[in-house]
Each structure stands twice: as C-alpha cells, then as structure tokens.
1. Comparing Val241, Val19, Val181, which has the greatest mean-square fluctuation in the GNM of the chain with Cα pairs linked when under 10 Å apart?
2. Once R0 is set to 56 Å, what does the formula 1/(1 + (r/R0)^6) return for the Cβ-Cβ distance between Leu326 and Asp80, expressed as a FRET efficiency to the nearest 0.05?
3. Over the alpha-carbon set of segment 148-200, divide Rg by the Kirkwood Rh and report the Rg/Rh ratio to two decimals.
4. Which FRET efficiency, nearest 0.05, do Thr116 and Phe54 yield, Cβ-Cβ r, R0 22 Å?
5. Take the alpha carbon atoms of segment 137-177, find their center, do the same for segment 58-81, and report the distance between the two centers in whole angstrom.
6. List the relative contact order of the chain as a percent without decimals, with contacts defined as Cα pairs under 8 Å and 6+ residues apart.
7. Using the Cβ atoms and a cut-off under 14 Å, what net charge is assigned to the surroundings of Leu34, where Lys and Arg are +1 and Asp and Glu are -1?
8. Label-point separation (nm) for Leu263 and Ser95, each offset 7 Å from Cα along Cα-to-Cβ?
Amino acid sequence: MQDLTTWTNAIRHDNLGQVLKSYWQLTKPRIIPLLLIETAASMWVAAHGQVDPFLLLITLLSGALAAASAQVINCIYDQDIDYDMERTRHRPMPSGRVQARDALLFAIVLAVLSFTLLTTFANLLSACLALSGIVVYVLVYTHWLKRSSSLNIVIGGAAGAIPPLVGWAAVTGSLSWAAWVIFAIVFVWTPPHFWGLAMVIRDDYAKVGIPMLPVVVGNEATAKQIWIYTLLLVPTTLLLVYPLGVAGALYGALALGLGSLFLKKAWQLLQTPEDLTRARSLFKFSIFYMMLLSASLVIDSLPITHQLIALGQAQINALATAFACL
Ligand code: HEM
Ligand SMILES: CC(C)=CCC/C(C)=C/CC/C(C)=C/COP(=O)(O)OP(=O)(O)O
C-alpha cells in the first residue's frame, strides 16, 4: 500500500513537472533574456547610470511577463504551421500537450500581471507600452503580416523594439529622442537578425507557405537586404553619441567595432549568398552583437566609467604639460 502511494505521488509529481515544462516552453523563454537586456540598457541610459534596483526588477519582471504573454498567443495562433514545420513540431500546442483555451487563459494572466505591476510600481505609460508590444506582435506581426507579406519582419519587428521604450518610460515617465533612437537600433537590427536564420530554414517556411523574404526573393536578394539594413544599423547606433550626446566615446568606439564586425559578416554573406554556414554565423553574431551593444551602453553610462575617463584625461593633460615644459 505504502509502495502504491509513493508510486502515485511520483506520477503526479512527474505530470506536474511536464505541465509546468509545457507552459514554460509556450513562452519561448530563450528569446526573452535579450529583450530584457535591451530594456535594462535603455533604463541605465535614461537614469544616467544610476537605476533604482527595485524599479529595475519590477520593469524586467513585467517585461518578461508581457513578452511571455505575446509568445503564448503567437503559439496558439500559429499551431497549424508549427505542426507542419520540423523545427516547431514539438512545441506544446502542435504536440497537443496544452489546450488552446488553457493557453489563452495563461496568456491573459501574464498580461494582466505585467500591466498591474507596471502601473502600480512604475507608471501607466510603461504599462501601456508593454501592452502595445503584445498587440503589435500578435495583431500586426502574427495575424496580419506573417502569412501575407515579405515585409512581415520589417514592420512586425517593431514589436521587439518596444521593450527599450518600456524601460525608458519606466524610469522617466516619458519618451525622449534617445528612447526612439534605441527603438530604431533594434528595429533596424531585426531584419538582418532574422533573415540570416530564415535563409537557413527557408525550405521549412516555403513548405507552409510563409512568405519570409528568402522564400519570396531568394538568398541573393535577401543577402542584399541584410547588407543594406546592416549599413543603416551602424550610423543609427552612433546617433546616441552624436547629435544626442546621451552616450560617450567608450560606447561610440565599441559600437563602431561591433558594427564593423557585423558589416564584415554581412559583406561575406553578400559575396556567397548560398553559403548557409555564413548565414547561420551572421544570425548567431547578431545575438552576440545586441548583447554586447547593450552592455556597452550600460558600462558607458556608469558614473565610475565617467570618473575613470576624466582621471585618464587629467593624466594625459598633465603629461602633455610636463612634455611642453621640457
Ligand atoms: C519579428 C521579429 C523577430 C523574429 C521573426 C525573430 C525570429 C526568430 C526565430 C525564428 C528564432 C529561432 C527560434 C527557434 O529556433 O525556436 C530566433 C531566435 C532568437 N531571437 Fe529572434 N526574432 C525576432 C526578433 C527578436 C528580437 C527583437 C530579439 C531580442 C532583442 C530576438 C532574440 C532572439 C534570440 C536571443 C534568439 C536565440 C534563441 C536561442 O538561443 O535559440 N529576436 N528569432
Ligand atoms: C514589449 C513586448 C511585450 C514585446 C514583445 C516582443 C516580442 C515577443 C518579440 C519576439 C520576436 C520574436 C522572437 C519573434 C519570433 O517569430 P515567430 O513567432 O514567427 O517565430 P517562430 O517561427 O519560431 O514561431
């Protein structure tokens, strides 16, 4: 009898574990950290390097909840095509592990929690922006454009650029030019990020009739578009240094260095558009690029960085004066 109870408990435990795992997978959790890194970077710049740790925690938590909610709705909507594609077939919806009604309820709870936390502990603007991120991703990208236009990523990609606006608004209660420039950086970064991968998994998308750019125009024309967007990306990142002046020389140097590497990858792909190793490498680099660019913004905004740079400059001036006296 004792054995039977232990066994039943073990099964219950196991089921609960499986259920939790399925709901976790519905939120596409691997993408969320980078969305939060963008949000945090924007908060640091907005707060001139001194972010209130509680506000940071609440904003990142709410941002994660909003992004998760958006992804869950996307999983419900896309379950038919997800079933037909090898890469997505084992997701919880197409494999029947979660029912659409339960998933929808889960998404609503996540969205309500996100909105409530932001309105209570940050402000209404940041809460509305997070909600607009869900709406843009679900309605504009998933419902309207994903299945109907090769511009799906260009326009729908705006959803992924909203998290920095949420972060900025949470700190300042408004949106300045700098916030829109960070939005623009992510907006311009998204097409090269995704098209690199889309070139690799083109056949999967073609099979289910999704008009991703490489399916519609082929790899050569996609590589050209990737090159153009990467060319636009580099000067966009520098707008924070000039004319806005919200980031300094350290960020400027790192943005230029990272941008040159991105351009090199995009150029190499342009030379050999059918080389899918290069396309995959560009996709992976895009993620590394966005992480480091965001980290550069944070480091550049810290008061200690400003103090160290001022100290360095004072020493260079002192040396220059000493040499002049010799
Ligand atoms: C509409 C815009 C976007 C589209 C269509 C898109 C699409 C994709 C796809 C299909 C994957 C592969 C996921 C998988 O293998 O299951 C991926 C990976 C990834 N995306 Fe994007 N993405 C977009 C925007 C963004 C944004 C804005 C971010 C964050 C700033 C982001 C961060 C990532 C990360 C970190 C991964 C790698 C996840 C892993 O480790 O597998 N993406 N993206
Ligand atoms: C502020 C806020 C809530 C913003 C939401 C931003 C958000 C959820 C962006 C995600 C972008 C993304 C990874 C799309 C995947 O495309 P897909 O769904 O077509 O990929 P798939 O082919 O893997 O299903």
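1. The residue that fluctuates most here is Val19.
2. After rounding to 0.05, the efficiency reads 0.10.
3. Values: Rg = 12.8 Å, Rh = 11.9 Å.
Result for segment 148-200 is an Rg/Rh of 1.08.
4. On the way: r = 16 Å, r/R0 = 0.73.
E(calc), rounded to 0.05, equals 0.85.
5. Value for the Cα centre distance between the two parts: 13 Å.
6. Working: 453 pairs, mean separation 61.9, N = 326.
Reported relative contact order: 19 percent.
7. Details: positive: Lys28, Arg30, Lys284; negative: Glu38.
Overall, the nearby charge balance is +2.
8. Computed distance between label sites Leu263 and Ser95 equals 4.4 nm.
FYI, it's all coordinate maths here, none of it is from the lab. Owing to the predicted nature of the structure, the values given are computational and were not obtained by experimental measurement. Cβ: placed from backbone, ideal geometry, glycine included. Neighbour counts: every protein chain shown.
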